[in-house]
């Protein structure tokens, strides 16, 4: 199965909106068609009604990524299962697009699109692709970018599961921000007056205005 391609459909849809920045590129049928990428036959079926349909699916897919990123794998699976039930797929064996050196088909699994409309077809393939990604690689491979204000979704394909940002641009911005924060903290510490050591503090007699000698002189002669 073209796992990477199908799961990327989910990422592409979720990232068509950036809530923290107040931007949304999914505003027209042309934007819907652009989401399909190379699948032009499915894209041609899109209508204005699919804008609303996919916006609803987008919010639900984002919830899957957010649950997985927060460590709640059970919730992520439950949310994804609900999408799979609502938007079922029809897997088929395909080989017409791939040929080996002898001209024979390279058989592979393909998600056939028999949905009633383009939006439902997109939701079905995106949800199934994400489901395969989650079960094959782990829920912790679904992430939300940690570089504010970006909250884009991403699929972690790193060897050590260390990815935290959706892109190199966000990683660089986060590293620069962290460096500047450390520099500010160092500058604030340097500007603060040094604390006086405890040995420089006046003794108890000095604080009360009495020295040890005056205290000694105040003792009656009969008690010395």
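Brief remarks on what is shown
- Only one entry in 71, 37 is farther than 16 Å from residue 127 by Cα, surrounded by fewer than 13 Cβ atoms within 10 Å (Cβ to Cβ) and either touching a residue at least 24 places away in the same chain (Cβ under 8 Å) or within 23 Å of the chain's Cα centre (by Cα) (or both), namely 71.
- Residue 77 fulfils the conditions (1) touching a strand residue (DSSP E or B) at 6+ places or on another chain (Cβ under 9 Å); (2) in a helix (DSSP H, G or I) except for a single criterion, (1).
- Hits in the stretch 120-145 (condition: in a loop (DSSP other than H, G, I, E, B) and in contact with a helix residue (DSSP H, G or I) (Cβ under 7 Å, 6 or more places away or on another chain)): 145
- Residues considered: 180, 163, 189. Of these, the only one that is in a helix (DSSP H, G or I), at pLDDT 75 or above and out of contact with any helix residue (DSSP H, G or I) (no Cβ under 8 Å at 6 or more places or on another chain) is 189.
- In this entry, residue 88 is excluded by the filter for residues that are closer than 28 Å to residue 147 by Cβ and either touching a residue at least 24 places away in the same chain (Cβ under 8 Å) or loosely packed, with under 15 Cβ neighbours inside 10 Å (or both).
- Residues that are in contact with a strand residue (DSSP E or B) (Cβ under 6 Å, 6 or more places away or on another chain) and not in a loop (DSSP other than H, G, I, E, B), drawn from the stretch 80-107: 90, 91, 92, 94
- Listed by position, the helices (runs of 4 or more DSSP H) contained in the stretch 1-69 that have at least 2 residues being modelled with pLDDT of 95 or more and within 24 Å of residue 166 (Cα to Cα) are 3-14, 29-35, 49-69.
- Some residue of the stretch 13-32 being in contact (Cβ under 8 Å) with a residue 40 or more places away in the chain, touching a helix residue (DSSP H, G or I) at 6+ places or on another chain (Cβ under 7 Å) and closer than 18 Å to residue 116 by Cβ: yes
- All conditions but one from (1) within 29 Å of residue 166 (Cα to Cα); (2) touching a residue at least 12 places away in the same chain (Cβ under 8 Å) apply to residue 107; the one that does not is (1).
The values are calculated or read from the model by the stated rules, or taken from the named source; none is laboratory data. These figures come from a predicted structure and were not determined experimentally. So basically every Cβ, Gly included, is an ideal-geometry build from the backbone, and we count neighbours across all protein chains shown.
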